[in-house]
Structures are given as C-alpha cells and as structure tokens.
Amino acid sequence: MQYIDAAMVGSLGAKATASIGLIASTTWLMGGLGVAVSCGYSVQIAHLIGAKQFNQARRTLRQAFTMVGLFSIFIALIGIGIHSYLPHWLHGSEEICTNASFYFLIYSCAIPIHHLRYLASSCLQCSGDMKTPSVLNTSLCFLDILFNLFCIFPSVSIFGFTLPSLGLGVLGAALGTALSEGVVCLGMLYALCVRSEVLSLRIKESWKLQKEVVVNALKITLPLAFERFVMCGAQITVTRIVAPLGTVSVAANSLGVTAESVCYMPAFGIASAGTTIIGQSLGAKRLELARKLGRMTLFLGILLTIVTSVLMFVSAPWAFALLTPDVQVQELGVIIIRIEMLAEVFYGAQIVISGILRGAGDTFVPSVFNLVSMWCVRIVLSLLLVKEYGIIGVWAAMAIELTFRGILFGVRFFREKWLKIPSIIKE
C-alpha cells in the first residue's frame with residue numbers, strides 16, 4: 001500500500017510526495033500505538049489457546065475490543081485536534097503544509113478503523129489462522145488502487161471509457177486508503193467474530209473487564225507503547241532534521257522509506273508468525289519447541305531479508321522511476337536506498353526477534369534497546385553528519401544504527417532469557 005500511495009501521489013510531483021512524507025512518521029506513531037494496545041491482548045490470546053483455555057481466550061478478545069475501541073477514539077480526537085498545527089511543528093514549508101494538514105485530518109478520522117483491523121488480524125493470526133488475514137490484507141492493496149483512482153485523479157479511463165472522479169490529489173490518497181481499510185476491516189471482523197472456530201463471539205459470554213487481563217495487557221502494552229514513542233519520536237526528529245534541506249530531500253527521504261519497506265515487510269510477516277508460534281508454545285509449556293521454532297523463524301527472516309535487499313540494491317533505479325517522475329528525487333533516492341541496503345539484514349533480524357520476544361511477553365528490555373539505539377546512535381549521528389553530507393549523511397547514520405540495533409537484539413535472543421519469563425496466564 002505504501003508503494004501504491006507513493007506511486008500514485010508521486011505522479012503529481014515532488015511537492016505532493018513531500019506533503020505526505022512530512023507527516024508520515026506521525027502517522028506511524030498513531031498506528032503503532034494501536035499495535036501496542038492490540039498486542040497486549042493478542043499475545044495473551046495466543047498463550048491461552050496454547051494452554052487450551054478457549055473460553056478465557058474469547059473473554060479476553062471481548063475485553064480487547066472494548067479497550068482498543070476506546071483508545072482508538074482517543075487517539076483519533078488528538079489527531080483531529082492537532083492536524084492544522086502538525087506540519088508547521090515539523091518545519092514544513094508553506095507550499096506543502098496545507099495538503100499535509102488535510103491528509104493528516106483524514107488519516108486521524110480513520111484511526112479507529114485502522115486499529116480494529118489490526119486487532120482482528122493479529123487475533124486471527126494468534127489463533128493459528130494465518131491464511132484469512134493474509135488474503136484480506138492482500139485484497140487491501142487492490143482496493144486501495146481502486147479507491148485511489150477515483151479519489152486522487154480528476155478522471156479514470158477504463159476499457160476505453162472515461163469516468164469522472166473526485167480529483168482530490170493528496171487528499172484523495174488518504175480517503176482512498178481509509179475506504180479500503182474500512183471494507184477490509186469489516187471482512188476481518190466477520191472472519192474473527194463469526195467464522196472463527198476458536199474465537200467466535202456468537203457464543204454468549206461476559207464482556208466484563210477482568211483485572212488480571214487488564215494488568216497482563218498493560219505489562220505488554222506499556223513497554224511497546226513506550227517503544228513506539230521512542231521510535232516514532234526519533235523518526236519525527238529525523239524528519240525535522242531533513243525538512244530544512246528542501247522539497248527534493250524531503251521527497252527522496254519519504255520515497256526512500258517506502259522503497260525500503262519492500263525489503264523488511266517479509267520480516268514483519270515472519271515476526272507475526274513468530275509471535276503466534278512462540279506464544280502458543282510457551283502457553284503449552286513446550287520450551288524446547290519454542291527454542292527450535294524461534295531459531296528457525298529467525299533464520300527464515302534473515303534469509304528473506306538478504307534476498308529482498310540484494311534485489312532492491314540492483315533494482316533501485318527502476319523502483320524510484322516507478323515512484324516519482326522527478327529525476328532529482330530519483331537520483332538522490334537511489335543513493336540513499338543503496339546505503340541502507342548494506343544494513344538491511346540487521347534490521348530484518350531485529351524485526352523477527354522482536355516478534356519472537358513479543359510472543360514470550362518480553363517487551364521491556366527491547367524497548368530500552370530501541371531507546372538507546374535510536375536516540376543515542378541515530379539521532380546523534382544524523383545531527384553530526386547532516387551538516388556536511390545532507391540527507392546522505394542522515395541515511396548513513398540510519399544504516400549504522402540499524403546494524404547496532406540488530407546486534408543488540410541478536411545478543412538478547414541467543415542468551416535465551418525470554419524462555420525463562422514466567423507465563424502471563426494462570427494454570
């Protein structure tokens with residue numbers, strides 16, 4: 001979806017791309033906080049299913065809907081309240097602030113849909129159903145293309161027929177994404193609440209909040225939420241560092257992040273599987289199985305990241321030509337993405353290990369690692385290198401930091417303290 005939005009908006013020019021890139025890190029923060037709250041419950045559900053406590057798993061799901069729903073509305077209201085100020089806080093130029101502001105407004109209004117879709121997807125995965133979320137999330141991309149066509153451009157040609165469209169430009173990208181999220185969210189909720197054999201809510205059970213479940217959720221969620229603040233706060237800071245470099249640099253930075261995503265997205269998929277199988281294995285008290293599956297998962301994630309990184313290094317000129325017609329942005333983007341590919345395998349390893357540790361309920365120490373790595377390495381190096389090397393220096397700092405972070409998480413994984421963490425559920 002990032003490629004779709006970037007390519008469609010990129011066809012409108014560098015200013016359009018920059019307007020989305022300016023507030024991208026803030027949207028990641030808002031989405032990431034929803035992920036943190038959802039994980040607080042989905043990890044418990046994985047452990048409960050592993051322990052064959054299906055009734056309690058369904059009760060936990062009901063509580064998850066209540067808490068995620070309330071939290072998402074709160075976050076949406078904050079986003080709506082700050083949408084007109086945010087681009088200026090990020091030092092955006094006047095020529096891109098207006099579009100950035102309205103894009104963020106539409107995104108904020110759709111936050112509850114985004115959070116509920118992720119909750120439903122992660123709970124289906126933690127129940128062992130990886131196929132349904134995969135199919136629905138893949139359909140999200142096709143729906144995004146369809147809705148974007150009719151929201152971004154003034155007209156659409158299909159089979160020789162020209163159809164009128166909304167022609168909203170940058171705003172259309174936000175609206176198209178929101179509409180596609182809404183459709184898939186409904187499908188995901190139906191699959192979880194009606195069709196799921198394990199978690200179906202058709203069985204009448206209590207919606208009452210349980211203190212133990214809420215406490216367990218907070219133990220997982222608070223470190224993850226702190227991690228999201230740390231990570232996205234650092235990314236917002238990097239955006240502020242890049243913003244004064246000009247529209248071309250901001251656009252190249254935004255598209256560079258988009259281009260990079262195809263390399264680490266497989267690692268996120270493997271991490272989701274890791275959370276499920278480690279959570280269920282530990283819930284069933286099968287420590288040796290958890291150890292073997294953890295190592296197999298990490299190996300697969302590293303292998304996939306190596307393959308995607310090599311492909312991106314070679315195909316970078318083509319990828320940026322697809323994302324934007326601006327030659328200056330293309331040339332700068334190719335340079336920074338190739339710098340990043342040198343460290344991508346460490347990033348892929350860190351993502352997979354995070355998923356494994358999350359399945360074990362180990363979230364506090366990883367959040368500290370991210371704090372140290374992002375703020376003491378990436379931000380410091382970015383400030384030092386940007387003065388002489390511009391955006392190339394910022395991306396070099398990013399590559400160094402990702403290598404450092406991957407090593408930290410590797411040490412945590414192979415020391416295997418996560419196997420000794422007490423279960424988050426009762427017998």
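The values are calculated or read from the model by the stated rules, or taken from the named source; none is laboratory data. Predicted, not measured: the structure shown is a model, and the values here were computed from it. Please note: Cβ atoms are built from the backbone with ideal geometry, for glycine as well, and neighbour counts cover all protein chains shown. In case anyone asks, the SASA skips ligands and DNA or RNA and just uses the protein heavy atoms, side chains included. Shrake-Rupley method; radii C 1.70, N 1.55, O 1.52, S 1.80 Å.
In this entry, K387 is excluded by the filter for residues that are open to solvent by 20 Å² or more (accessible area, probe 1.4 Å), free of Cβ contacts under 8 Å to residues at least 12 places away in the same chain and within 30 Å of K219 (Cβ to Cβ).
Considering only the stretch 311-380, give the helices (runs of 4 or more DSSP H) lying wholly within it that have at least 1 residues that are among the charged types (D, E, K, R) and under 26 Å from A217 (Cα atoms). Explain how you work it out, then say what you get.
Details: elements: 327-341, 344-359, 364-373.
Per the criteria, 344-359.
Look at V184 and say whether it is out of contact with any strand residue (DSSP E or B) (no Cβ under 9 Å at 6 or more places or on another chain) and under 30 Å from I96 (Cβ atoms).
Values: out of contact with any strand residue (DSSP E or B) (no Cβ under 9 Å at 6 or more places or on another chain): yes; under 30 Å from I96 (Cβ atoms): yes.
Spelling it out, V184 is indeed out of contact with any strand residue (DSSP E or B) (no Cβ under 9 Å at 6 or more places or on another chain) and under 30 Å from I96 (Cβ atoms).
Answer yes or no: is there a residue in the stretch 95-103 that is acidic (D, E) and either part of a helix (DSSP H, G or I) or under 18 Å from the mean Cα position of the chain (by Cα) (or both). Outline the logic, then answer.
At the first step, the residues of the stretch 95-103 found to be acidic (D, E) are 95.
If we keep only those that are either part of a helix (DSSP H, G or I) or under 18 Å from the mean Cα position of the chain (by Cα) (or both) as well, we get 95.
Yes, because at least one residue in the stretch 95-103 is acidic (D, E) and either part of a helix (DSSP H, G or I) or under 18 Å from the mean Cα position of the chain (by Cα) (or both).
Taking only pairs six or more apart or across chains, which ones have beta-carbon atoms under 9 Å, a first residue in the stretch 1-16 that is at positive phi, and a second residue that is modelled with pLDDT of 70 or more and outside any helix (DSSP H, G or I)? Close Cβ pairs (under 9 Å, with a partner that is modelled with pLDDT of 70 or more and outside any helix (DSSP H, G or I)) amount to G13/T324; G13/P325; G13/D326. May I ask you to list the residues in the stretch 159-203 that are farther than 27 Å from V9 by Cα and in a loop (DSSP other than H, G, I, E, B)? Matches in the stretch 159-203: S196, E197, V198, L199, S200, L201, R202, I203. State yes or no: is L322 open to solvent by 30 Å² or more (accessible area, probe 1.4 Å) and at pLDDT 95 or above? Here the answer is no, as L322 does not meet what is asked. The number of residues in the stretch 187-198 being within 22 Å of R358 (Cα to Cα) and either at pLDDT below 90 or surrounded by fewer than 16 Cβ atoms within 10 Å (Cβ to Cβ) (or both) comes to 1. Checking the structure you have, find out if any residue of the stretch 278-297 is part of a helix (DSSP H, G or I) and within 18 Å of the chain's Cα centre (by Cα). No, there is no match, as no residue in the stretch 278-297 is part of a helix (DSSP H, G or I) and within 18 Å of the chain's Cα centre (by Cα).
This table checks each residue for (1) at pLDDT 95 or above; (2) in a helix (DSSP H, G or I); (3) under 22 Å from the mean Cα position of the chain (by Cα).
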| residue | (1), (2), (3) |
| --- | --- |
| S42 | no, yes, yes |
| H47 | no, yes, no |
| K52 | no, no, no |
| A57 | no, yes, no |
| S84 | no, no, no |
| P87 | no, yes, yes |
| H91 | no, no, no |
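Check whether at least one residue in the stretch 346-353 is under 16 Å from A259 (Cβ atoms) and either open to solvent by 60 Å² or more (accessible area, probe 1.4 Å) or not acidic (D, E) (or both), and report yes or no.
Yes, that holds for at least one residue.
The set of residues in the stretch 238-259 being out of contact with any Ser or Thr (no Cβ under 9 Å at 6 or more places or on another chain) and open to solvent by less than 10 Å² (accessible area, probe 1.4 Å) consists of G256, A259. Candidates are the residues of the stretch 139-175 that are of a type outside the set (A, V, I, L, M, F, W, C) and open to solvent by less than 50 Å² (accessible area, probe 1.4 Å); the one that is modelled with the highest pLDDT is S139. In the stretch 340-358, the residues that are farther than 12 Å from L300 by Cβ form Cβ pairs under 7 Å with partners that are among the acidic types (D, E), at six or more places apart or across chains, as follows: E340/E260. For the stretch 367-384, a residue qualifies if it is touching a residue at least 60 places away in the same chain (Cβ under 8 Å) and either surrounded by fewer than 20 Cβ atoms within 10 Å (Cβ to Cβ) or within 22 Å of the chain's Cα centre (by Cα) (or both), and the qualifying residues are S367, N370, L371, M374, W375, R378, I379, L383. The residues listed here are A173, A120, A110, A178; of these, the one that is touching a His at 6+ places or on another chain (Cβ under 9 Å) and either in contact (Cβ under 8 Å) with a residue 60 or more places away in the chain or farther than 19 Å from S72 by Cβ (or both) is A178.
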